[in-house]
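Everything below concerns the one structure shown next.
The values are calculated or read from the model by the stated rules, or taken from the named source; none is laboratory data. Since the model is a prediction, treat every value here as computed from it, not as a measurement. Here the Cβ is made from the backbone with ideal geometry for all residues, glycine too, and neighbour counts use every protein chain on show.
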Amino acid sequence: MSPRRRAEQLMVPKAEFSSYYGRPILKKPVWAERDIAGYLFTGGIAAGSALIGAGADLTGRPALRRATRLSSLAALGVSGAALVHDLGVPARFHHMLRVAKPTSPMSVGTWILTAFGLPTGLAGAAELPGVVPPFLRGVVDALSRPAGIASALVAPGVATYTAVLLADTAVPSWHEAWPELPFVFAGSALSGSAGLALMLAPAAETGPVRRLAVLGSGLELVASQRIEHRLGLLAEPYKEGKAGKKMRLAKTLTLAGAATGALLGRRSRVAAVASGAALLTASALTRFAVFEAGVASAEDPKYVVVPQRERLEQRQRRTSVTPS
């Protein structure tokens, strides 16, 4: 029988969770919360609205089509403004288009936004007769449906690439949630944009939207619950503090909004607007909660140290010598 490897004896106590000469172990994100969390939210609304707008166009729902195309265009404009404001220098967005780097979520996201923006703008312009010059009116009208379909095809990437961007950082509660975050963002985008459509379009045209609201809400809630159960210690920032309060309120509003829209949205305009407002607010709260949870996990050293120790102990157990 081979001898066991003698276990290492600790000569000093394990280090406490603290900073190094007053400096944090991990540098927290420097992004402005209002800009980047707002960018995450409005980008998702732009994507979901484009998807709904294409469906409305193909199924003959003109009021719903107009509302969602214009919503997508407006949300994209706000999202772009928030991103450029955070970058500080507008030319930086343009500079990112000089190269295409598939291994960089930021580079891929820049190109996805560009590919999404052009057809979204064209589809939105088709809904604004006074904006398009008369000599271009026919061309814009002819291209509006292909443009709407093109924006819908790119929309899933717009809704989810930001989740990949967050998970690709070293921020513990973002990084470890990489399998679920894209589903949280996709569900949130779908339910939030469906909520906005319920507020703006007549109830007679929003039957499919109410079903999409239920689908998006279910996807978001299931993925969020999985994060909170799978991540263990790193799920704490999603359940505690400001982020935890926002996340709990978002879940409550999501459930209430989806249920109200499905049960009462067709019969009552007031119920449809209330349902839409709840879903739209919940979508915003989810994005701000995710952002704040990541920042909280970067600020507290235990979320960096404890998982590292656990991985080290697991590695040591796997490589330890066992009796022959």
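One line per residue, one yes/no per condition, for (1) at pLDDT 80 or above; (2) within 19 Å of M199 (Cα to Cα); (3) out of contact with any strand residue (DSSP E or B) (no Cβ under 6 Å at 6 or more places or on another chain); (4) part of a loop (DSSP other than H, G, I, E, B):
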site: L51; (1), (2), (3), (4): yes, yes, yes, no
site: A63; (1), (2), (3), (4): yes, yes, yes, no
site: L76; (1), (2), (3), (4): yes, yes, yes, no
site: F93; (1), (2), (3), (4): no, no, yes, no
site: R98; (1), (2), (3), (4): no, no, yes, yes
Notebook entry, point to check: How many of the residues in the stretch 100-134 are part of a helix (DSSP H, G or I) and either under 23 Å from D57 (Cβ atoms) or modelled with pLDDT of 80 or more (or both)?
Noted result: 18
Item checked: Check on R287, of a type outside the set (F, W, Y) and assigned to a loop (DSSP other than H, G, I, E, B) -> no
Next item on the list: Looking only at the stretch 291-305, decide whether some residue is touching a Phe, Trp or Tyr at 6+ places or on another chain (Cβ under 7 Å), hydroxyl-bearing (S, T, Y), touching a residue at least 60 places away in the same chain (Cβ under 8 Å) and not in a loop (DSSP other than H, G, I, E, B).
Entry: yes
Item checked: When residues of the stretch 144-178 are limited to those that are surrounded by fewer than 17 Cβ atoms within 10 Å (Cβ to Cβ) and free of Cβ contacts under 8 Å to residues at least 40 places away in the same chain, the one farthest from D300 (Cα to Cα) -> P146
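With respect to A82, determine if the residue is in contact with a Phe, Trp or Tyr (Cβ under 9 Å, 6 or more places away or on another chain), closer than 30 Å to E240 by Cα and at pLDDT 90 or above. Give the derivation first.
Numbers: in contact with a Phe, Trp or Tyr (Cβ under 9 Å, 6 or more places away or on another chain): yes; closer than 30 Å to E240 by Cα: yes; at pLDDT 90 or above: no.
No; evaluated as a whole, the condition is false for this residue.
Among the helices (runs of 4 or more DSSP H) contained in the stretch 188-267, which hold 3 or more residues that are surrounded by fewer than 17 Cβ atoms within 10 Å (Cβ to Cβ)?
Working: elements: 207-230, 236-239, 241-264.
Those helices (runs of 4 or more DSSP H) span 207-230, 241-264.
Filter the stretch 54-87 down to the residues that are basic (K, R) and crowded, with 21+ Cβ neighbours inside 10 Å, then identify the one that is farthest from T114 (Cα to Cα). Spell out how you get there, then give the answer.
Going residue by residue through the stretch 54-87, those that are basic (K, R) are 61, 65-66, 69.
In the following step, the residues that additionally are crowded, with 21+ Cβ neighbours inside 10 Å were identified as 61, 65, 69.
Working: R61: 27, R65: 22, R69: 17 Å.
Among residues in the stretch 54-87 that are basic (K, R) and crowded, with 21+ Cβ neighbours inside 10 Å, the one farthest from T114 (Cα to Cα) is R61.
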Check: Is the stretch 28-43 home to any residue that is in contact with a His (Cβ under 7 Å, 6 or more places away or on another chain), within 23 Å of L285 (Cα to Cα) and either surrounded by fewer than 24 Cβ atoms within 10 Å (Cβ to Cβ) or touching a residue at least 12 places away in the same chain (Cβ under 8 Å) (or both)?
Finding: yes
